[in-house]
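This report concerns only the one structure given below.
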Amino acid sequence: MTLKEILAVSGQPGLYKLVASAKRGIIVENIETKKRVSVAASAKVSSLNDIAIFTTGEDKPLVEVLKLFREKFFSGQAISHKSDEKQLRALFVEILPDYDQDRVYLSDIKKVVQWYNLLQATDLLHLLDVKEETASGSESDNK
């Protein structure tokens, strides 16, 4: 499994693993509960690999932000995504000082913290490193 297969589904809490494509959408499995659900083709689904955080310079890939979380918390749990706004914003400034405070909303910060904690709780933080290995290997596999 790679980080590209871990999905965020708009309107659904948590993270999901891609299981299969269906006629009218995809079938995903919640990485925490292992419950499978069908997601309509009209739903907004994003791979964690494709998400970036706005900064005052170039956007920072979510993978890089999650690696910064892992370093800060020594691969342990971060504060709760339900912590108060001051704590969450202070954490984000500490981890990513140049994040664009006008375009990164509190709800975005909460999602990133929640996703980090979910990946940590399900022993999937190693996927942050697998992406790099897969990218170089997959280039040689493409014809």
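The values are calculated or read from the model by the stated rules, or taken from the named source; none is laboratory data. As the structure is a prediction and not an experimental result, all values here were calculated from the model. Cβ atoms come from the backbone with ideal geometry, glycine included; neighbour counts cover every protein chain shown. Quick note on the areas: whole protein, heavy atoms, side chains included, nothing else; ligands and nucleic acids left out. Shrake-Rupley method; radii C 1.70, N 1.55, O 1.52, S 1.80 Å.
What to note about this one:
- Gain upon complete extension [Ser21, Ile79; 0.36 nm per residue less C-alpha separation]: 17.4 nm
- Check: the chain dipole with +1 on Lys, Arg Cβ and -1 on Asp, Glu Cβ, in debye: 780
- List Thr56, Thr33, ordered by accessible area with a 1.4 Å probe, largest first: Thr56, Thr33
- The 1.4 Å probe gives accessible areas that order Lys60, Lys67, largest first, as Lys60, Lys67.
- Measuring against 27 Å, Cα to Cα, the residue pairs Lys17/Lys86; Lys23/Lys111; Lys72/Lys111; Lys23/Lys60; Lys35/Lys82 contain Lys17/Lys86; Lys23/Lys111; Lys23/Lys60 as the ones spanning a longer distance.
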